[in-house]
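So the structure is just underneath, and the comments pick up after that.
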Amino acid sequence: MIAPERASEHTVRVLYATHGAAIRGFALRALGDPQLAEDVLQEVLMRAWSRPDVLEPDSGPVRGWLLTVARNVIIDAHRRRSARPQEVAFDVSFEPGLDLGELNQTLDSLVLADALGQLSAEHREVLVELYLRDRSVAETAAVLKLPVGTVKSRTFYGLKALRGQLNRAEVLP
Amino acid sequence: MTADHPSTDLPLLLTGDLTAADRLRVQSHLTGCSRCSDDLADLRLVRQHVDRADPAQVLEQLARDGLVRPAAAPARARRWLIAAAACVVLIAGAGVAGGLIAEQHRSPQAVLALTGSGASGTLRLTGTGAQTRIRVAVSGLPRGEHCTLLLIKKDGSRQRVTSWTASYAGGAQVEAVAAVPLDQLTSAVVAEEGTDVTLLAGTLG
């Protein structure tokens with residue numbers, strides 16, 4: 001019998017150090033409870049430990065995958081709690097509703113931040129000004145002290161690169 | 001612009017930041033250039049993801065990662081969303097929906113309702129001569145379902161057009177171009193990728 005392949009303990013430690021805060025923050029925002037958020041983080045790391053293939057350096061943005069797993073863990077935890085309310089009766093003060101729309105928006109936001117983080121600084125800064133700070137091309141050119149043509153070119157190639165990153169994070173068709 | 005392709009104008013077309021003359025020039029080019037049409041479809045997908053995100057959260061995370069300088073949160077009503085809304089109003093006023101304005105005026109169109117068990121959607125078809133441009137919008141699919149779009153022609157043959165994975169919420173918005181004239185199509189099926197089990201289907205009226 002062949003033992004299932006696992007990620008090394010070192011890899012999981014690096015994951016925790018690199019992405020732990022983002023995953024914990026995501027879970028805390030959704031669940032509102034630090035202990036539950038920590039439980040979600042532990043579960044995500046356990047699942048990552050059993051999937052060494054997605055942790056390879058060439059397998060794409062890891063944080064996007066981890067956050068997607070975290071989202072599913074959060075929903076599962078919420079469903080379990082809703083199905084068995086008696087098990088949480090000891091803590092009647094904590095029964096937050098789960099806003100799926102808000103959860104998905106947070107996930108999309110964090111995955112987008114991760115994908116932008118993989119881009120070159122030149123591409124990222126243009127996309128940030130245009131789409132996150134809502135500046136026009138002319139305003140972006142002025143802020144970044146670039147010719148308008150350069151902004152347009154970096155926008156096109158930046159979006160193409162972003163598409164590649166989102167694709168690798170398995171969030172685009 | 002790269003060589004003869006207006007690539008760098010495509011993001012501006014999406015945001016409504018081209019002049020009327022430039023918009024017509026780019027739209028005219030798009031009707032005959034599959035490369036740029038594909039690029040535009042790619043950019044739309046990225047923009048849809050960006051639209052779903054909260055700019056303040058993205059900036060906050062990027063700042064936390066040391067990748068951007070901290071700045072005031074952006075206004076919620078984005079400039080280009082206003083431009084997009086204006087575009088929708090113009091299109092609705094012309095009695096058509098979706099797509100590029102220039103295409104709307106000179107291309108035959110059809111809308112096909114897709115129905116299935118717990119899922120629904122629409123297929124917007126725009127004839128462009130020997131090809132048909134397709135926009136799929138579906139919801140209620142199983143989360144993460146791998147789907148494929150099949151077009152059924154008058155001679156009964158099927159053409160596989162594109163594939164995608166349903167989002168977390170079970171939805172998808174996909175654009176593609178099929179090498180089939182619009183007047184040759186009778187119906188469409190969204191099937192499970194690999195098994196071709198029908199998830200949604202619809203017939204042209």
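Just so it is clear, none of the values below were taken in a lab; they were calculated from the coordinates. The structure presented is a predicted model; accordingly, all values stated were derived computationally and were not measured. Positions of Cβ are generated from backbone atoms using ideal geometry, with glycine treated the same way; all protein chains shown enter the neighbour counts.
Counting other Cβ atoms within 10 Å as a rough exposure proxy, the listed residues A:ILE23, B:ILE134, B:ILE152 run B:ILE152, B:ILE134, A:ILE23 from fewest neighbours to most. For the peptide A:122-135, the mean number of other protein chain Cβ atoms found within 10 angstrom of a residue's Cβ is 5.
In plain terms, the residue of A:LEU67, B:LEU199, A:LEU100 with the fewest other Cβ atoms within 10 Å comes first and the most crowded comes last, giving A:LEU100, B:LEU199, A:LEU67. Neighbour counts of other Cβ atoms within 10 Å put A:ARG24, A:ARG63 in the fewest-to-most order A:ARG24, A:ARG63. Partner shielding of B:5-17 amounts to 4, given as the average count of beta-carbon atoms from other chains within 10 Å of each residue beta-carbon. Per residue of peptide A:146-152, the mean number of Cβ atoms on other chains within 10 Å of the residue Cβ is 2.
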